[in-house]
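Written below as structure tokens is the structure these notes are about.
Rule-based calculations on the coordinates, nothing more; no lab input. Remember, it's a predicted structure, so these values are computed and weren't measured experimentally. Here the Cβ positions follow ideal geometry from the backbone for every residue, glycine too, while neighbour counts run over all protein chains shown.
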Amino acid sequence: MTTTLNAYSIAYPTISNRIRATIYTVADPTAVVASIIDTTSGHPARTWSFVGIARTNYLFSLDEIDGSGNVVNNLAAFNVVPPNIDGLLTRDSEQVQVDVTPNLISDTTTATFDGSNGSPDYREWNIKCINTT
């Protein structure tokens, strides 16, 4: 599943160097996921679009860079999550079984399905339960 992250910036008419927008995942803030370099004269306001990326938490950095690609000035830095994926997102049907599915234990009144201990991760999903007994 992929999505598009759009970030909007103001105009930077006084900057003569190039401007680079870069995203990193929060999980690995040292590895560049994608970057876009603006070479437009006068640097008008624009949309920075990162297409086909995973929907996860990102660090976004907008930097003025010199001819060698070194950062001269940081213009913006923030955490961001791309918007929801367009349309309806569904999963294949899954069966959970007591004492078979991790975190689903008999004689208990709750079960946690957050991916821990090998359990399914159902966080942020709307679940449709069908009793097969």
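Work from the charge dipole of the chain (Cβ charges, +1 for Lys and Arg, -1 for Asp and Glu, about the Cα centre) and give the residue of I36, Q95, S16 farthest towards its positive end. In the chain, that residue is S16.
Comparing F50, F113, F78 in a Gaussian network model of the chain, where Cα atoms under 10 Å apart are tied by springs, the biggest mean-square fluctuation is seen for F113. So what is log10(I(q)/I(0)) for the chain at q = 0.14 1/Å, when the Debye sum runs over its Cα atoms only? Here log10 of I(q) over I(0) equals -0.75. Here the gap between V81 and I37, fully extended at 0.36 nm per residue and compared with their Cα-Cα distance, gives a gain of 13.7 nm.
Please work out the FRET efficiency for the pair Q97 and E124, using the Cβ-Cβ distance as r and a Förster radius of 22 Å; give the result to the nearest 0.05. E(calc), rounded to 0.05, equals 0.45.
The residues packed around V32, meaning those with a beta-carbon under 13 Å from its beta-carbon, carry a net charge of -1 if Lys and Arg are +1 and Asp and Glu are -1.
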